[in-house]
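The values are calculated or read from the model by the stated rules, or taken from the named source; none is laboratory data. Model, not experiment: these values are computed from the prediction. Cβ atoms come from the backbone with ideal geometry, glycine included; neighbour counts cover every protein chain shown. With ligands, DNA and RNA removed, areas are computed over all heavy atoms of the protein, side chains included. Shrake-Rupley method; radii C 1.70, N 1.55, O 1.52, S 1.80 Å.
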Amino acid sequence: MKEFFKYVLATICGILILGIVMSIMFIVSLAGMALSGDSSAKVKSNSVFTLSLNGTVQERGEEDSPLNMLLGQANMSVMGLDDIVSSIRKAKEQEDIKGIYIETNAVTFDAPAIAQEVRDALKDFKKSGKWIIAYGDNYTQGAYYVASVADSVFMNKTGLLELRGLGGKGEYYAGLYEKLGVKYQAVKVGKYKSAVERQIRKDMSDEDREQRMAYLQGIWQYWLKDIAESRKLKAEDIDQMVSDSILAFANPQDYVKGKLIDRVMYPEEIKKVIKAKLGLKEDDDIRQMTLSDMKNVKKMAKDEGEKVAVYYAYGEIIDATSSLFSTDHNIVGSDVVKDLTKLAKDKDVKAVVLRVNSPGGSAVASEQIWHAIKLLKEKKPVVVSMGGYAASGGYMISAPASYIVADPTTITGSIGIFGLVPNVNGLLTDKLGITFDGAKTNRFTDFEENLVFAKENSEEIKYMQSYVDRGYETFLKIVADGRKMSRDEVHEIAQGRVWLATDAQKIKLVDKIGSLDDAVKKAAELAKIDKYYTAAYPAEPSFFEQLMEEKENTSYLDAEMRELLGDLYEPILNVRRDQQRNRLQARLPFVLKVE
């Protein structure tokens, strides 16, 4: 028995010691990763910046969780526009970086304006006299638009180029709901406010088709102009090529003949091209700087002068942190209000640039953010820089700014309000035989149940319409006050109509067409400061803050759901989102991502 207890005790001690050793190793590993993340990278002489575009490019980069980093499961599917543009600028100023090599894979841009800002940064890089080379196994449309700025564009001999124009089809669920016995009740203001159409129609309305064609044609013509300029072609000739055939199915040599690319080659051949540019011999190694490396390269110029805050507000506007399995970034109304209040009190911040990239969302949360921006503007200049979208609620939070700058392909406007409630009486009562009854103290005690379950609820709908009408009038007043227009002038261009930024400028919804840099310059001008530097907000959490943060990691579940559901993922997620959204909505019916 003594021997038994001796072995048991030894085993327990061994497990405890192993646990302590493993814990120490875990902490040391975390500390090492934290320190390595903060360490600066050194650029070696005669280097090339390899910009590998893959996954999704969104407004801002997201740091992976410490646990994923420790397990070697880093999420490489999301790239930040801020990181890409900053790295391109560092590459421009670093003498030891001789050029940029763009390697495109399956990349999606969150909006046309995101692709355009990457391309504009590359175009500015070329002013340094340095070279850019692009190579892709396959070019998605957005990837080719960006890559076309390069001095030389190469492609795999078995690759394809998906230049086909902008647009596509969306799902309309009214027919499905009819079969299920479900009827969506939509109350809205504005004939162009089409966010409700997928639930109540079987096709696109004439008004929605009109506004979509306007901005799609505008963006497409802008892209054609840029591509034609870089490739030394005529925009109309490229457009004709796209119209005459399906370029994705063409022989790669046809892309060369049409001057869309310069050559087809295998991957190992591109190395010879880069070595020739760097003056290297065949056996020499190419010194590369990746995006991760460039993020850790210090800027040449030091931060001097006064601080201009750049606050990033991107994603759907919601009232509270969502519990959905999707990991999409959102604008949480209460959080943004707190952040803006702090910026108003921060004496070191002399001006604020609000970078808006949002299709809108909760009208209530949007109005709260609008109020916070209005108060902020009383303390210091606020300039809005519009990214991919600043529409509906996204425009509401932009309206009070001192000045509005928008990318040329920004989608904005959509000044309108709607409410959407499903009625399942046909399903539950007519098809399944479920009936409802109860007791109440007042006439409209059960108005919510009536909206969803009652066969006759016209009175409840009437009250809901008046609620939406008031929301619309509030929206009109917000825009009228912010843009110094009359209520009727705003109503004339509102009606839920979506505008391309270049058109929005003509009707006074936007002050200037330009980049985030232009917005920063304007903010400094309004603050009357000559020397300035920018600081990004909200600040990224530190390594250890991420580690201690008690958040449910849903990225694995999200990835599994996307893999399982495929094309059905977004429609199903949208139905779930509709159930959790605020009753009053100011948002777009779509997000125009480009691949």
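Residue pairs whose Cβ atoms lie under 6 Å apart, separated by 6 or more positions or on different chains, with the first residue in the range 197-211 and within 23 Å of residue 177 (Cα to Cα) and the second exposed (fewer than 13 other Cβ atoms within 10 Å of the Cβ), are 202/175. Out of everything in the range 99-143 that is of a type in the set (Ser, Thr, Tyr) and outside any helix (DSSP H, G or I), what residue ends up being nearest to residue 405 (Cα to Cα)? Per the criteria, the residue is 108. Yes or no: the range 285-301 includes at least one residue that is in contact with a helix residue (DSSP H, G or I) (Cβ under 6 Å, 6 or more places away or on another chain), small (Gly, Ala, Ser) and part of a helix (DSSP H, G or I). The answer is no; no qualifying residue exists.
Of the helices (runs of 4 or more DSSP H) that lie entirely inside the range 193-279, those containing 1 or more residues that are farther than 30 Å from residue 173 by Cα, at pLDDT 90 or above and touching a strand residue (DSSP E or B) at 6+ places or on another chain (Cβ under 7 Å) span 252-257, 267-278. Against the condition surrounded by fewer than 17 Cβ atoms within 10 Å (Cβ to Cβ) and either modelled with pLDDT of 95 or more or in a strand (DSSP E or B) (or both), how does residue 75 come out, does it pass? Considered against the rule, which asks whether it is surrounded by fewer than 17 Cβ atoms within 10 Å (Cβ to Cβ) and either modelled with pLDDT of 95 or more or in a strand (DSSP E or B) (or both), residue 75 comes out as no. Checking each residue of the range 200-212 against the condition of being under 16 Å from residue 497 (Cβ atoms), in contact with a Phe, Trp or Tyr (Cβ under 8 Å, 6 or more places away or on another chain), of a type in the set (D, E, K, R) and open to solvent by less than 10 Å² (accessible area, probe 1.4 Å) gives at least one match. Looking at residue 134, is it in contact (Cβ under 8 Å) with a residue 60 or more places away in the chain, buried (at least 24 other Cβ atoms within 10 Å of the Cβ) and not aromatic (Phe, Trp, Tyr)? The answer is no for residue 134. Among the residues of the range 329-342, what is the count of those that are open to solvent by 30 Å² or more (accessible area, probe 1.4 Å) and either assigned to a loop (DSSP other than H, G, I, E, B) or modelled with pLDDT of 90 or more (or both)? Summing the residues that are open to solvent by 30 Å² or more (accessible area, probe 1.4 Å) and either assigned to a loop (DSSP other than H, G, I, E, B) or modelled with pLDDT of 90 or more (or both) in the range 329-342 gives 8.
Pairing each residue of the range 283-309 that is at positive phi and modelled with pLDDT of 90 or more with any residue that is open to solvent by less than 100 Å² (accessible area, probe 1.4 Å) and assigned to a loop (DSSP other than H, G, I, E, B), provided the two are 6+ apart or on different chains, yields C-beta distances under 9 Å for 305/529. Only residues that are surrounded by 15 or more Cβ atoms within 10 Å (Cβ to Cβ), part of a loop (DSSP other than H, G, I, E, B) and without any contact (Cβ under 8 Å) to a residue 24 or more places away in the chain were counted across the range 514-538, and they come to 0. Residues in the range 213-245 that are farther than 18 Å from residue 501 by Cα, surrounded by fewer than 19 Cβ atoms within 10 Å (Cβ to Cβ) and of a type in the set (A, V, I, L, M): 228, 233, 235, 241, 242. Quick one: would you say residue 308 is of a type in the set (Val, Ile, Thr), part of a helix (DSSP H, G or I) and open to solvent by less than 100 Å² (accessible area, probe 1.4 Å)? In short, no. Which one is modelled with the highest pLDDT, of the residues in the range 22-61 that are part of a loop (DSSP other than H, G, I, E, B) and over 17 Å from residue 96 (Cβ atoms)? Result: 59.
Being of a type in the set (Lys, Arg), at negative phi, touching a residue at least 24 places away in the same chain (Cβ under 8 Å) and out of contact with any His (no Cβ under 6 Å at 6 or more places or on another chain) holds for only one residue in 455, 440, and it is 455. Contact map, the range 263-274: first residue closer than 18 Å to residue 158 by Cα, second residue among the basic types (Lys, Arg) and at pLDDT below 95, Cβ cut-off under 8 Å, separation 6 or more or different chains; pairs are 264/157; 265/157; 266/157.
State whether one or more residues within the range 313-328 are hydroxyl-bearing (Ser, Thr, Tyr), at pLDDT 90 or above, buried (at least 17 other Cβ atoms within 10 Å of the Cβ) and under 20 Å from residue 370 (Cα atoms). Checking the range 313-328: at least one residue is hydroxyl-bearing (Ser, Thr, Tyr), at pLDDT 90 or above, buried (at least 17 other Cβ atoms within 10 Å of the Cβ) and under 20 Å from residue 370 (Cα atoms). Taking (1) modelled with pLDDT under 90; (2) over 27 Å from residue 361 (Cβ atoms) in turn, residue 525 satisfies each apart from (1). If the condition is being open to solvent by 90 Å² or more (accessible area, probe 1.4 Å) and either within 30 Å of residue 218 (Cβ to Cβ) or in a loop (DSSP other than H, G, I, E, B) (or both), then the range 158-185 contributes 158, 164, 169, 171. Quick one: how many residues across the range 501-513 are at negative phi and either touching a His at 6+ places or on another chain (Cβ under 8 Å) or open to solvent by 10 Å² or more (accessible area, probe 1.4 Å) (or both)? Residues flagged as at negative phi and either touching a His at 6+ places or on another chain (Cβ under 8 Å) or open to solvent by 10 Å² or more (accessible area, probe 1.4 Å) (or both) within the range 501-513 amount to 8.
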